[in-house]
Structure formats: C-alpha cells, structure tokens
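The values are calculated or read from the model by the stated rules, or taken from the named source; none is laboratory data. On a predicted model such as this, the values are computed, not experimentally measured, just so you know. Positions of Cβ are backbone-derived with ideal geometry, glycine not excepted, and every protein chain shown enters the neighbour counts.
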C-alpha cells in the first residue's frame, strides 16, 4: 500500500501513531460509535475529497464520512479511512437572494449564528452541535418545520464528490436524479462539500424553555397537547419529554414549547399546558440563534448512546402513559439509563405534506409525528438490553397506532436520522427504493458509500 503521505501533507492526516490528536479525531458523540481508523483525512477542497476517496478505493479501505459525528450506529466511523469534513465548514450568507452556503463539515450552531447577523434563519437541527451534512441528507426536522418544511425542502443546490471522484453540482436543473437521491438517502451517493439553503427573515426573538410537570399530571399534559395541536399555528411547535431531570433524577414530564414571537403571546398560545399547573416554568424570550442550544445540556458528548424512533398520530394519553410506564420500569431496573429520554416531537406536518411525496427520496411524509428514544448509559454490558428495549418499544408504538389510528402508516417506519441500524433498508426508503437502486448503480456501482442504510445497486 503506498503511503497516504504521498497524497496528502502530514497536517491533513492523522494515524494511530499520533496520540492525543488521533484520540480526538476518532472521538464521537456516542462512545459506542467510535472505531479505530487506520487513517483520518482532513480535506480542504473538493479535489482533496476526491483524492481521499480514490486512495480508499485503490487500497480497499472501508470509507466513512464525518461531519458532526452524531451517528450512534457508527456511520461516521470506520476502521479504514475517515474523511473528516471539519476544514470544509465555512458558512456564508447571500442577503440579496436569501441563501446560505454551508460547508459539508459545518454544525448547525455556526449556521444559526451567521444567519442571525443578517436577521435571517433557516430550518436546522434542534441540537446545534449536530452536523449539517448528516441531518440534511437524512431530511431534517427543526423548529421552523411547521412554517417552512424539512431541511431538504429548503435545499437549493449541493456540490458532491461521487465514488468515481467526479465533482458535481446537483440541483433542480443540474444532475436532477442525484439531487432527488441525496434529499433523504444520506451518504449513499457521495460526499457533499457544500449545501445551499433557503433563508427566511427572522428579526424577532422567540419564546421557549422547559416547563416541568409531575407524573400524576401526565394525563392532563397529554390532553393539553391534543387540545393545543388542534389550533397550533405555523409559528408554534413543541416537544414533550419523558426524562429524569435534576435535582431529583426521578421520572418526570417536561414540555419544550416554541413560539416565534413574544413571551406574552407564547403563554397564551400554550395556555392549555399552563392550566395544568407546572411545577416549574423556565420559559423566556431568546434570540432564535440560541434556540437550538436549549437541548445541549441534555445532549452532551460521551457515554454510550442509541437513537430509535417510531411514528404516532396523536399524543393519546393511553399511548403516552404506556410509554411512560415502560420508561419507569427500565430506569428502575437499570438506574444508569436515567440519562435517557423519550421525546414526542410535535412539529406540525401540514407544510411538509404540501410537498409532493415523489419530490425527494425521503419516504416518510405523512400526518404523523416522531417519537424518539434518546438512550444513554455507560456500561457496555447493557448494550443488548437497551437496544432490545428500544426496538421492542418502537414495535409496541406501531402496534398501538395500527390498532387505534385510521391513518395509513405504510409510508412511515420511523425517522431515518433517528435510526438504530436494525431497520430494513427497504422500509426506510419505501416505494422510492427501486429508483434509488437505479441511481446507485449509476453513481456508486461498487458500493463505496455503504455506512448509512446502504442501498444495493440495481443490476
């Protein structure tokens, strides 16, 4: 194998011989997702990305792409070669056309802060140290989804380096098949070096913050959520958490409301919840570019983590209560899982459903919400138990919906960005799978990119 230093200068490469630099390079948000790479390469141009891909292919090295490094399944890690996009993370704003150009290695916090300088915002991740690349290519929900749709619905253009090393621009007018594919199919088609996203005026502060309830109030909170959803505007969104917050670290219920306006009006819009009588109200007005940092204290790096999701039609009390009881049982049996949380993400879906289902490879548009199991623990001996618990609960939620909902859930097997990795690839991409397989055969027939719900090229 020729030396990688014949391709890149030493300052762009880290190997196991580099001590702390190597440890930092292979560190991930979830400890269980870390792998000991042979090489970590830091490209500075699209041409560098092409050279890294060629080196990996020529030397039969498994290839992974790291943006924010939040994949719990290990999609951004490899024992072969990792392309770390940290040096391709610039963010620039075109105020005339209200567009944001974002490097493939940027995190959402950088996007929020740069856009805010110009009184703008875009749909982005609700944890701001999440990578732009992974979230966008998986589709991308955010607090502004009820008004503007998914991140992919606001993607105008992207530059991508394919398995052959070609550097392509894809958009609605250029390489349309590839543009369609990357809007939901993750890293299956190459390395995106930059994205161009729509931006929207965001001159005002927003209102949000945690609102805490006790377990006996769970039924009332569920009813309040159902009431609120009936009249929620596109400027409102919310998450309901089942978690063990300080200072007691005992199971409780928390609401994280979002209103794109004043605190006074926000309290009115969410009055159904405040009528329940929360034990703590930490809401306040804040700049939008700080909004996506509110969950950061609950989403720190370290420990072992998995994500698993299921869809639901309404926050029915019977469903929420059943999930709460399962969470209590788990945390009582394995106390270190108290760092875990269950999220009922109540982002309005009318806007994202107004986009034609065949406009992107993302296959889960529908009148349903995401329930996410954000599991966290320390002991590797619990890995199987926690994974089994999450998968079993997801199946139970689906069974509940099939028994109680009139919705056709065939279009949803859960949110792929919250995938555990045990999901069937055909379920993730649904009716779009066959078209994706045809496009995969054109751009990556050798399956160079296969770390995230890998699509098999159509023969």
For residue 50, are the conditions met, namely being closer than 25 Å to residue 196 by Cβ, crowded, with 18+ Cβ neighbours inside 10 Å and free of Cβ contacts under 8 Å to residues at least 24 places away in the same chain?
-> no
Kindly indicate whether any position in the stretch 359-370 is touching a residue at least 60 places away in the same chain (Cβ under 8 Å) and over 26 Å from residue 424 (Cβ atoms).
-> no
Looking only at the stretch 332-346, decide whether some residue is touching a strand residue (DSSP E or B) at 6+ places or on another chain (Cβ under 8 Å), at pLDDT 95 or above and over 27 Å from residue 382 (Cα atoms).
-> yes
Can you tell me which residue among 68, 104 is within 18 Å of residue 157 (Cβ to Cβ), in contact with a strand residue (DSSP E or B) (Cβ under 7 Å, 6 or more places away or on another chain) and crowded, with 18+ Cβ neighbours inside 10 Å?
-> 104
Return yes when residue 136 is more than 26 Å from residue 11 (Cα to Cα) and surrounded by 24 or more Cβ atoms within 10 Å (Cβ to Cβ) and no when it is not.
-> yes
Only residues that are touching a helix residue (DSSP H, G or I) at 6+ places or on another chain (Cβ under 6 Å) and either buried (at least 17 other Cβ atoms within 10 Å of the Cβ) or not assigned by TED's automatic domain parsing to the domain that holds residue 307 (or both): list them for the stretch 376-400, please.
-> 376, 377, 389, 393, 400
Test result for residue 212, over 30 Å from residue 437 (Cβ atoms) and in a strand (DSSP E or B) | yes
If we scan the stretch 353-361, do we find a residue that is surrounded by 15 or more Cβ atoms within 10 Å (Cβ to Cβ) and at pLDDT below 95?
-> yes
Evaluate the stretch 173-187: report whether one residue or more is farther than 24 Å from residue 425 by Cβ and in contact (Cβ under 8 Å) with a residue 40 or more places away in the chain.
-> no
In a helix (DSSP H, G or I) and within 30 Å of residue 328 (Cβ to Cβ) - does that describe any residue in the stretch 442-459?
-> no
What pairs can you find where one residue is in the stretch 332-354 and not assigned by TED's automatic domain parsing to the domain that holds residue 372, the other is at pLDDT below 95 and part of a strand (DSSP E or B), and their Cβ atoms are less than 9 Å apart, with a gap of 6+ or different chains?
-> none
Which one of these is in the same structural domain as residue 124 (by TED's automatic domain parsing) and either within 26 Å of the chain's Cα centre (by Cα) or touching a residue at least 24 places away in the same chain (Cβ under 8 Å) (or both): 95, 15, 26?
-> 95
Given (1) closer than 30 Å to residue 27 by Cα; (2) in contact with a helix residue (DSSP H, G or I) (Cβ under 8 Å, 6 or more places away or on another chain), index of the condition residue 312 fails | (1)
Scan the helices (runs of 4 or more DSSP H) fully inside the stretch 103-163 and keep the ones with 2 or more residues being under 16 Å from the mean Cα position of the chain (by Cα) and within 22 Å of residue 429 (Cβ to Cβ).
-> 132-138
Report, by residue number, each residue of the stretch 169-192 that is in contact with a helix residue (DSSP H, G or I) (Cβ under 9 Å, 6 or more places away or on another chain), buried (at least 18 other Cβ atoms within 10 Å of the Cβ) and at negative phi.
-> 170, 178, 180, 181, 182, 183, 185, 187, 188, 189, 191, 192
Inspect all residues belonging to the stretch 193-215 and state whether any of them is within 30 Å of residue 319 (Cβ to Cβ), free of Cβ contacts under 8 Å to residues at least 60 places away in the same chain and assigned by TED's automatic domain parsing to the domain that holds residue 254.
-> no
On the phi < 0 side of the Ramachandran plot and out of contact with any helix residue (DSSP H, G or I) (no Cβ under 9 Å at 6 or more places or on another chain), is that true of residue 57?
-> yes
Flag for residue 445 being surrounded by fewer than 14 Cβ atoms within 10 Å (Cβ to Cβ), touching a strand residue (DSSP E or B) at 6+ places or on another chain (Cβ under 8 Å) and outside the structural domain of residue 164 (by TED's automatic domain parsing) | no
So residue 60 fits all but one of (1) over 24 Å from the mean Cα position of the chain (by Cα); (2) within 26 Å of residue 102 (Cα to Cα); (3) part of a loop (DSSP other than H, G, I, E, B); what number is the exception?
-> (2)
